1. Determine, yes or no, whether residue 115 is under 24 Å from residue 25 (Cα atoms) and crowded, with 24+ Cβ neighbours inside 10 Å.
2. Confirm whether residue 46 is farther than 17 Å from residue 131 by Cβ and either in contact with a Cys (Cβ under 6 Å, 6 or more places away or on another chain) or in a helix (DSSP H, G or I) (or both).
3. Restricting to helices (runs of 4 or more DSSP H) lying wholly in the range 101-196: which have 2 or more residues that are of a type outside the set (Ser, Thr, Tyr) and under 17 Å from the mean Cα position of the chain (by Cα)?
4. Quick check on my filter: what residues within the range 224-279 are modelled with pLDDT of 90 or more and either aromatic (Phe, Trp, Tyr) or touching a strand residue (DSSP E or B) at 6+ places or on another chain (Cβ under 6 Å) (or both)?
5. Just to check your reading of the model, which residue among 14, 39 is under 19 Å from residue 142 (Cα atoms) and in contact with a helix residue (DSSP H, G or I) (Cβ under 7 Å, 6 or more places away or on another chain)?
6. Please specify each residue of the range 68-89 satisfying the condition of being open to solvent by less than 40 Å² (accessible area, probe 1.4 Å) and assigned to a loop (DSSP other than H, G, I, E, B).
7. Of the residues that make up the range 197-205, is at least one under 25 Å from residue 281 (Cα atoms), more than 16 Å from the chain's Cα centre (by Cα), free of Cβ contacts under 8 Å to residues at least 60 places away in the same chain and open to solvent by 20 Å² or more (accessible area, probe 1.4 Å)?
8. Need a quick list: helices (runs of 4 or more DSSP H) entirely within the range 206-275 having at least 2 residues that are open to solvent by less than 60 Å² (accessible area, probe 1.4 Å) and more than 23 Å from residue 192 (Cα to Cα).
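The values are calculated or read from the model by the stated rules, or taken from the named source; none is laboratory data. These numbers were taken from a predicted model, which means no experiment stands behind them. Every residue, glycine among them, receives a Cβ derived from its backbone with ideal geometry; neighbour counts consider all protein chains shown. Surface accessibility is based on the protein's heavy atoms, side chains included, excluding ligands, DNA and RNA. Shrake-Rupley method; radii C 1.70, N 1.55, O 1.52, S 1.80 Å.
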Amino acid sequence: MIAPPWAAMLAAALVLRLPDNFWQRCGGGDTDRLLYAALLLMLLRDAYGCFFLNLTRRPACSIWKPLGYNAAILRRPRWCPIPLLLRLCAQNTQRLAFAVALGGAAAVCVVDSGALRVVVALAYAVVELKFHAALGWHRDVLLLNTLVASALPEPCRATGRALALCHAYGGSGLRRLWIGGACDGDSLKEVLRGARNGVVPKLTAYAAKAPPRLLAAVDAGARIGLELVGVGLLLAYLDDTRVRVTFRACAIAFHFGVALLTAIDFFENRVVLFVVAISDDLLGGGASAAACSPWPSRIFAFALLFPVLAGIEHFPFTHNGLFPFSGRQMRAVREVCDRQGTLLATAKVVALPVDLARTFLGLGEAQPAQLWHPVLAPLVLGAASARGEADTLTLRRRTEAWLKTKPLV
């Protein structure tokens, strides 16, 4: 998807209007090395199993990094040529990048270095590039952006980490509002109906039967309350420690609730929120008066804001909006699953049978993949069992019509 020119100009104008001292509003200090200790532990966890400690019944070792997963299709970011993507996703490259991120995180805990922080962020980005290209997950976007912010000039790091937090939740809220509206109880209900791996199945079943108005209020509380109003207050009072701590605490509680109800557990987000709250908000110092160039921070802020305004998804540049945006879209996917249909992703002449719908809802052996516009746009629908040509064509027309009514970003 090509980004509209106005989005780049608006993002640049907003970032350039910020005063130079804006990037030092959250203070600083050397306590942020706690983040690299947490990164070391999370990488060791990922090497064992990406679902380890998650609030889900899915086997802990069903996916592990750097090579414990496969995909029939790799989603290519527009900025990345195909030969480069294949080289970055090659097994040897992934092993090396994972080892560098692991060793670099351990080294930063002992001997801090700005160059070493940059190396760790780049290595982790290479690991996540393949993870996102294969599975489409957003579970490590906040961690990646926080690592990039931690590689900025020292006086600007805490503010950069706060902006990464705003992007993670504000970007999601803005895109969901733009596409799906202020609140959508049907969307939440369909997500609850599709939750098959929750640790408390009875709680999920009761929640799915809640009155529509209650579901709409809960959805609005998350979409408007946390992701828009909360982020707005965070930006307005960025230098207030109490506001930052409160927002991070609300976000942690939000992720716990989502994980218990749906088994969609952003474990990495919870860890980053908790660790950064300690390092920046509880142990960090006041606003720094040290002189530093604001341009690395301005470029970082532009890279966060531009994808949100443009609605583009080319990892690591992302608006962080999560599917589904409406109950209508979720019901359409569920209809495919209930009728034992298969969503086939087409690549030019060859059709690769990738059952995206069932894997997204956790109904198959494969792991869930997010359904994004670059994948959904060329989808065609076929029946897994012989139901007749007319039935297949009807299902296909419904899907194509659904994709055209309100396309995903």
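1. Details: under 24 Å from residue 25 (Cα atoms): yes; crowded, with 24+ Cβ neighbours inside 10 Å: no.
For residue 115, the condition - under 24 Å from residue 25 (Cα atoms) and crowded, with 24+ Cβ neighbours inside 10 Å - is not met.
2. Judged against the criteria, residue 46 is not a match.
3. By residue number, 114-135, 141-149, 157-180.
4. 237, 247, 254, 256, 267, 274
5. 39
6. If the condition is that a residue be open to solvent by less than 40 Å² (accessible area, probe 1.4 Å) and assigned to a loop (DSSP other than H, G, I, E, B), then 69, 75, 77, 80, 89 are the ones that fit.
7. No, every residue in the range 197-205 fails to be under 25 Å from residue 281 (Cα atoms), more than 16 Å from the chain's Cα centre (by Cα), free of Cβ contacts under 8 Å to residues at least 60 places away in the same chain and open to solvent by 20 Å² or more (accessible area, probe 1.4 Å).
8. Working: elements: 212-220, 231-236, 241-262.
Result: 231-236, 241-262.
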